[in-house]
Amino acid sequence: MTETRDLVERSLDRLEAHLVAERFRGYDPYDALCSPLFRLPLLRSARWPRLTAQQALKRLPYNVRPLLGVPKGYNPVTLAFVLEASAYRAQVDAERAEVHRTRAVACVAELACLRSPGWSGDCWGYPFDWEARHGRVPAGTPTIVATGIVANALFVAYRLLGLERAFEMCKSAARFVLEDLPRTVEDGTFCWGYYASDTERVLNATMKGARLCAQIYSVTGDAAFLEPAAQTAEYVARHQREDGSWPYAVGDARQWADNFHTAYVLDAFDSYERCTGDDRFQSAKERGWQYYRDQFFLDDRIPRYYPEKTYPIDATACAQSLLTLCRFGDVETASRVADWTIGNMQCADGHFAYQVRRRRVVSIPYVRWSSAYMYAGLSKLTSVLADGTERV
């Protein structure tokens, strides 16, 4: 394990240098609509050209964004991953603990500046228009996913570094989830919408809301946060399939199960249980974990995107695998995943490639999707390797 830790720490140093040099700014798989072309009258509201352009840029193996005038974005989720990583590294990197703590404090301040205004509580969205198959989400629109990822990082910073401002922002974010997001009710349970005008039933998204409320309950003991967390977790547990998987969404065609969305659900269930002491969903969690481990790892080291389908090997799947494997105590597999990912996806300048496809590596430097996420995943692993403790 010492050899693995040394490898991971060297990788982290290179990755951190890249992220700092870029000032935590960069491209995103979904940022095509930031091109000035989509401010032209004919393209500003044309759904199919916008959707096609977004999907085309996401799939291209080459980065044409500079040619299209797409700027490097400043994404609150990127900062959330850096915040989470900094909290982990501050616990185990004694020589640079103060550097990591200072960066964490700065990330909290920046996240406060990047909040979406006009809602009941703190909340965050993405800095680009997003043309989805099920609706249009303008830049800055707060979503339960972006808010849930940011709030989780804030909670980690509060738990590990004692940053009171981070917890106050978490608590405020819970008000956004509780008061501004619609609910689809089903037999005493419910599912939160993805954003304020949405009624899609996306299971991993709603579990992020449950996790946030459970985290606030763990500090305040306020039952007003426990009840909705329990009702939402019950909703998701009821929609688990017999094989242990969860569909991405309920009530529409998105019935697939993939690596990182499954991992989101598992992490949220585990966090809910730890924060509330409520173990009624332990069976669902254990069946989901077994499905995840059986289906999403080739040779116990290469994260698959879909069950029994190796390609594409995706940076987000690799990064989230590290977080989830560590959370569930499978540090040996996490170490093998880290070794493979560093050896096959880290580029010369320290950033991580987007995907390994069947015939090529797509090395476009996506900061939120790839590099910042890997920074969080590898930092989690090195903190666990240091003393075997899964801290949050």
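The values are calculated or read from the model by the stated rules, or taken from the named source; none is laboratory data. As the structure is a computational prediction, the values presented were derived from the model and not from experiment. Note that each Cβ is placed from the backbone with ideal geometry, even for glycine, and that neighbours are counted across all protein chains shown. Calculation scope for accessible area: heavy atoms of the full protein, side chains included, ligands and nucleic acids excluded. Shrake-Rupley method; radii C 1.70, N 1.55, O 1.52, S 1.80 Å.
Near GLY73, once Lys and Arg are set to +1 and Asp and Glu to -1 for all other residues with Cβ below 9 Å from its Cβ, the sum equals +1.
Excluding ASN152 itself, what net charge comes from residues whose Cβ is under 14 Å from its Cβ, given Lys and Arg +1 and Asp and Glu -1? After counting each charged neighbour, the total is +4. When the chain is treated as a GNM with alpha-carbon contacts under 10 Å, the residue of PHE176, PHE269, PHE328 showing the greatest mean-square fluctuation is PHE328. Rolling a 1.4 Å probe across all protein chains gives ARG165 an accessible area of roughly 130 Å².
Expressed as a whole percent, the accessible surface of the stretch 44-163 that belongs to carbon and sulfur atoms is 58, based on a 1.4 Å probe. For the stretch 229-270, a/c is not less than 1.5, where a ≥ b ≥ c are the root eigenvalues of the C-alpha gyration tensor, and a/b does not top b/c. That puts it in the oblate class. Using a cutoff of 8 angstrom between alpha carbon atoms and counting only pairs six or more residues apart, the relative contact order for the stretch 1-156 works out to 22 percent. Of interest is the spacing of the C-alpha centroids, which for the stretch 10-87 and the stretch 267-298 amounts to 32 Å. Counting every C-alpha pair in the chain, the share spaced more than 35 angstrom apart comes to 19%. Before rounding to the nearest 500, sum -39500 (n - 2.57) across all DSSP H runs of length at least 4 in the chain and divide by the residue total; then give [θ] at 222 nm in deg cm²/dmol. Value at 222 nm, helices only, nearest 500: -18500 deg cm²/dmol.
Kirkwood-type hydrodynamic radius, the stretch 350-392: 11.7 Å, calculated from all non-identical alpha-carbon pairs. Using a probe of 1.4 angstrom and keeping all protein chains present, the accessible surface of the chain works out to 39 square angstrom per residue.
Its relative contact order, with pairs defined as Cα atoms under 8 Å and 6+ residues apart, puts the stretch 219-348 at 20 percent. Mean-square fluctuation check for the chain, GNM, Cα pairs under 10 Å: which of ARG183, ARG159, ARG254 is largest? The residue that fluctuates most here is ARG254.
The reciprocal of the average 1/r between distinct C-alpha atoms defines the Kirkwood hydrodynamic radius, which for the stretch 293-350 equals 11.3 Å.
GNM remark for the chain: springs join alpha carbons under 10 Å apart, and the peak mean-square fluctuation among LEU323, LEU67, LEU161 falls on LEU67.
When you restrict to C-alpha pairs under 8 Å that are six or more residues apart and normalise by the size of the chain, the relative contact order lands at 18 percent.
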